[in-house]
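Student: Here it is, the structure, as structure tokens.
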Amino acid sequence: MIENTNTLWRYLILAVALTLGFLYALPNLFGFDPALQITARRSAPVDDGLQSALAKTLSDAGIALKSAELGDGRLLFRFPDDATRTRAQPVIEKAVDATQYTVALNLAPGTPGWLRMLGGKPMYMGLDLRGGVHFLMQVDTEAVRKHTEERFVAELRATLREQKIRFRTVSPDPAGGIRVHFLDHDTRTAGLAAIEADYPDLRPTASADDDTLLTLVPTEQYMSDSRKTAIKQNLTTLRNRINEFGVAEPVIQQQGDSRIVVQLPGVEDTAEAKKLLGATATLEFRMVDIDGDIQAATAGKMPIGSKLYRQRNGDPVLLEKRVLLTGESIVDASSGIESQTGEPAVYITLDGKGARSFGRATRDLIGKPMAVVFIEQQEGRPVEEVINVATIRDELGKRFQITGLDSTNEAADLALLLRAGALAAPMEIIEERTVGPSLGQSNIDNGLRACIIGFAAVCLFMLAYYRTFGLIANVALALNVVLLVALLSMLQATLTLPGIAGILLTVGMAVDANVLINERIREELRRGMSPQASIHAGYDRAFGTILDSNLTTLIAGIVLFSFGSGPVKGFAVTLSLGIATSMFTAVVGTRAIVNLIYGRRRLTRLSV
């Protein structure tokens, strides 16, 4: 006789799954608090002193503070509502040094501390639901032109030296292009022939007034391709940086010829995002001009071929304009502690071309001082700072280290930016918007209303048509939604409006399995089988059909995720996860409940 019983371990698995589901779905009930986040730009202190000072400033201004949190190098102030936060923002911005700290709007999860300790986090929501951060970034195409010309200058010098064509100077023309001064007319003729043979992308023009001067201008097609390549590389670099930052479903798109739109839906750490995207994180390695007069350079009499920089302690240092290496050659970077001095360090790995050129350059400069210049974009302008000056002790190759950083956090930040890739052209944030959830509130309300109405309609139908078995299916349907929300929260997926559509579709598909099972049980009862045998046969024989239908839908979801983007991926994620949870609740969950109610009983009829 078939008794339809479950073993204890199956009930335990189901109980653990449901407990975890309820636990990790719970954070979504607590909502978000309007908050302001204060983050140090560099190594400025973010400690109890700063928290106390700013809290007192807010109190003196009559602004109510809900709570304050200090940790992970940031200070977070929570406020009771948006209006209070709006009043507090200018007060805090005035109280802190803008060059040392970043003040950014934030939405902080209201999850209790004990739940956060267990790893509980609410789902992220897209810009169309919860809001997020919107950046419009301007690519400096003029810098692309200058960089291209500087690269041609270095290559032309090397080519002319290799072919033993004597010249006086090769330098960028302030009006655009490159000026090459040869010794005489004959060397200009030889140089022109060499350049035409090796550099088809340069358009040469011989001067009629000076028979030693040759002007070279990159072709329009080449410059257009260079600008497009730079923007494409910047798009790739931004994607890499955002992936390092861990943002789910970002939107990174080119707008026009020189702008890039970045949308970070559901981002918590907006200050860190701005810092990550706004910085160019470019390193340049230059030789120190040991023969130049620093005092004269400080007074404005700059030596030819040199440029004045400042070290972190404010001391001036004179560096050669010639760049030995740039961040473009860096393929990997990691932070650590220098073994001998105990200072924070960044370990850099170069690509093959960069390693060869850097090795050749440093081979002839052993015993001379070299500086590392860190170039960062702040408030729309480049900030150049010498972070390290050291004597070259040996030829530098594929892997080396730099020190002179203020803290291990700064070393980690620099390594992250360099690892994510150097920008092909500088960018600045020309527009920043923090999109509040009110814009998507109607979407949230309509989406929830659709889910509730759909869920209620399905439950009423199942209860009326299948009686007790319909009630069991409704319980499984509710558990399915809980597990789906828990999975989305645990994976920190970003829920968008199409994602809500995926959840609603999952609700309809989840009940399909129970309809198949219940109809199969009714069919076996009509054939004259006993109730217990009908339950057993109904679940076993319906399973193949349920698996087949869900697998085909799962394949469609995988294809949507693979080839779609943005909202389409969001729909695919919720659909695919919903299929997995519905299979579990509709087959395993309802079978456990049915066995618990009807197992080991002598039945004469079933309420189905």
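Student: Could you list all residues from the range 81-91 that are touching a residue at least 40 places away in the same chain (Cβ under 8 Å), over 20 Å from Thr39 (Cβ atoms) and of a type outside the set (Asp, Glu)?
Tutor: Correct list: Thr84 only.
Student: Does the range 156-179 hold any residues that are under 21 Å from Asp198 (Cβ atoms), outside any strand (DSSP E or B) and in contact (Cβ under 8 Å) with a residue 12 or more places away in the chain, and which are they?
Tutor: Leu156, Arg157, Thr159, Leu160, Gln163, Ile165, Arg166, Asp173, Gly177 - these are the residues of the range 156-179 that are under 21 Å from Asp198 (Cβ atoms), outside any strand (DSSP E or B) and in contact (Cβ under 8 Å) with a residue 12 or more places away in the chain.
Student: Quick one: how many residues across the range 307-323 are surrounded by fewer than 18 Cβ atoms within 10 Å (Cβ to Cβ) and part of a strand (DSSP E or B)?
Tutor: 8
Student: Sticking with this one: Would you check which residues across the range 24-47 are loosely packed, with under 15 Cβ neighbours inside 10 Å, at pLDDT 80 or above and within 23 Å of Pro112 (Cβ to Cβ) and list them?
Tutor: Passing the criteria: Leu29, Phe30.
Student: What's the number of the only condition in (1) surrounded by 17 or more Cβ atoms within 10 Å (Cβ to Cβ); (2) among the small types (Gly, Ala, Ser); (3) under 50 Å from the mean Cα position of the chain (by Cα) that Ser534 fails to meet?
Tutor: (3)
So that you can scan it fast, the table gives a plain yes or no per residue for (1) under 17 Å from Pro34 (Cβ atoms); (2) surrounded by 15 or more Cβ atoms within 10 Å (Cβ to Cβ); (3) modelled with pLDDT of 80 or more:
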site: Thr57; (1), (2), (3): no, yes, yes
site: Ala64; (1), (2), (3): yes, no, yes
site: Ala68; (1), (2), (3): yes, yes, yes
site: Glu93; (1), (2), (3): yes, no, yes
site: Val96; (1), (2), (3): no, yes, yes
site: Pro112; (1), (2), (3): no, no, yes
site: Leu115; (1), (2), (3): no, yes, yes
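Student: Output the residue which, of all residues in the range 409-436 that are crowded, with 20+ Cβ neighbours inside 10 Å and part of a helix (DSSP H, G or I), is modelled with the lowest pLDDT.
Tutor: The selected residue is Ala420.
Student: For the range 454-470, which positions are of a type in the set (A, V, I, L, M) and closer than 17 Å to Val482 by Cα?
Tutor: If the condition is that a residue be of a type in the set (A, V, I, L, M) and closer than 17 Å to Val482 by Cα, then Ala456, Val458 are the ones that fit.
Student: Still on this structure, I have one more. Checking the conditions here, which among Asp225, Asp186 is outside any loop (DSSP other than H, G, I, E, B), modelled with pLDDT of 85 or more and among the charged types (D, E, K, R)?
Tutor: Asp186
Student: Among what's in the range 534-567 and is among the aromatic types (Phe, Trp, Tyr) and out of contact with any helix residue (DSSP H, G or I) (no Cβ under 6 Å at 6 or more places or on another chain), pick the residue that is nearest to Val594 (Cα to Cα).
Tutor: It comes out as Phe543.
Student: Next question. I'd like to know if the range 105-117 contains one or more residues that are small (Gly, Ala, Ser) and farther than 30 Å from Asn446 by Cβ.
Tutor: There is at least one residue in the range 105-117 that is small (Gly, Ala, Ser) and farther than 30 Å from Asn446 by Cβ.
Student: While we're here: Which one of the conditions (1) at negative phi; (2) out of contact with any Leu (no Cβ under 9 Å at 6 or more places or on another chain); (3) modelled with pLDDT under 75 does Leu460 fail to meet, given that it meets all the rest?
Tutor: It fails just one condition, (3).
Student: Can you go through Thr574, Thr585, Thr581 and tell me which one is polar (S, T, N, Q), in contact with a Pro (Cβ under 9 Å, 6 or more places away or on another chain) and under 30 Å from Leu129 (Cα atoms)?
Tutor: Thr574
Student: Next up: Go through the range 118-136 and report how many residues are surrounded by fewer than 22 Cβ atoms within 10 Å (Cβ to Cβ), out of contact with any Asp or Glu (no Cβ under 6 Å at 6 or more places or on another chain) and outside any loop (DSSP other than H, G, I, E, B).
Tutor: Total satisfying the criteria: 1.
Student: Take the conditions within 19 Å of the chain's Cα centre (by Cα), of a type in the set (A, V, I, L, M, F, W, C), within 18 Å of Gly327 (Cα to Cα) and at pLDDT below 80 and apply them to Leu277. Does it pass?
Tutor: Yes.
Results for (1) out of contact with any Lys or Arg (no Cβ under 8 Å at 6 or more places or on another chain); (2) more than 15 Å from Ala371 (Cα to Cα), shown as yes or no for each residue.
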site: Tyr309; (1), (2): yes, no
site: Val317; (1), (2): no, no
site: Arg322; (1), (2): no, no
site: Gly336; (1), (2): yes, yes
site: Gln340; (1), (2): yes, yes
site: Tyr347; (1), (2): no, yes
site: Gly354; (1), (2): yes, yes
site: Ser357; (1), (2): yes, yes
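Student: Can I ask one more? Suppose the filter is touching a residue at least 40 places away in the same chain (Cβ under 8 Å) and crowded, with 17+ Cβ neighbours inside 10 Å; does Ala355 pass it?
Tutor: Yes; evaluated as a whole, the condition is true for this residue.
Student: So which residues in the range 358-371 are touching a residue at least 60 places away in the same chain (Cβ under 8 Å) and among the aliphatic types (A, V, I, L, M), if there are any at all?
Tutor: Selection gives Leu365, Met370, Ala371.
Student: So which of Leu497, Leu551, Leu505 ends up being farther than 23 Å from Cys459 by Cα and at pLDDT below 85?
Tutor: On inspection, the qualifying residue turns out to be Leu497.
The values are calculated or read from the model by the stated rules, or taken from the named source; none is laboratory data. Since we're looking at a predicted model, the values are computed, not measured. Neighbour counts run over all protein chains shown; Cβ positions are idealised from the backbone, glycine included.
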